[in-house]
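A short worksheet on the structure shown next.
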């Protein structure tokens, strides 16, 4: 049995995980770079923290917006692909039937059993449902741009908090090495 339907059902979770990992990494790296630069300019702790906080806010907004646009584009592509496939099924019943027969024979069904299964799916209107499974796209589990954007922004804030905490808690003479190590 194919892993594709299982992967499709976790599409949204995978997008959130990807957005979270990238957001946290970017939060740590960009905020650490910013506060190290400001620290190197011999600024006060308050100025360093203010600059770091400004970077945290700007970075979280940027990451959320970028993730939203990216995942929205992915979702639009998935919807367009499903619509094209539905249209193709309506126009070309025979070729879609043959395609499904090929899929089932590749999975080990005999030619006659695969043909019978494909015909039954076509007759009762569930051919598209079966093809969606084979394509790995579940129309009920398309990528959610809002959840990915929130995951990205939240993880950026968490990541950015690491170097900010190092600056806030470290003595002045250790701010640079502790922040770089964080």
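In the set (1) under 18 Å from residue 16 (Cα atoms); (2) at pLDDT below 85, residue 157 fails one condition alone, (2).
Checked against the criteria, residue 95 does not count as exposed (fewer than 13 other Cβ atoms within 10 Å of the Cβ) and either under 29 Å from the mean Cα position of the chain (by Cα) or not in a helix (DSSP H, G or I) (or both). For the condition buried (at least 19 other Cβ atoms within 10 Å of the Cβ), under 30 Å from residue 167 (Cβ atoms) and under 21 Å from the mean Cα position of the chain (by Cα), residue 59 qualifies. For residues in the stretch 69-92 being in contact with a helix residue (DSSP H, G or I) (Cβ under 6 Å, 6 or more places away or on another chain) and under 30 Å from residue 28 (Cα atoms), which is surrounded by the most Cβ atoms within 10 Å (Cβ to Cβ)? Going through the qualifying residues, I end up with 71. The residues of the stretch 1-50 that are modelled with pLDDT of 90 or more, within 20 Å of the chain's Cα centre (by Cα) and loosely packed, with under 14 Cβ neighbours inside 10 Å amount to a single one, 25.
Would you mind finding the one in 136, 66 that is crowded, with 16+ Cβ neighbours inside 10 Å, under 16 Å from the mean Cα position of the chain (by Cα) and at pLDDT below 85? So that I can check it myself, show each step before the final result.
Working: 66 fails: at pLDDT below 85.
The match here is 136.
The values are calculated or read from the model by the stated rules, or taken from the named source; none is laboratory data. Keep in mind that what you see is a predicted model, and the values were worked out from it rather than measured. Please note: Cβ atoms are built from the backbone with ideal geometry, for glycine as well, and neighbour counts cover all protein chains shown.
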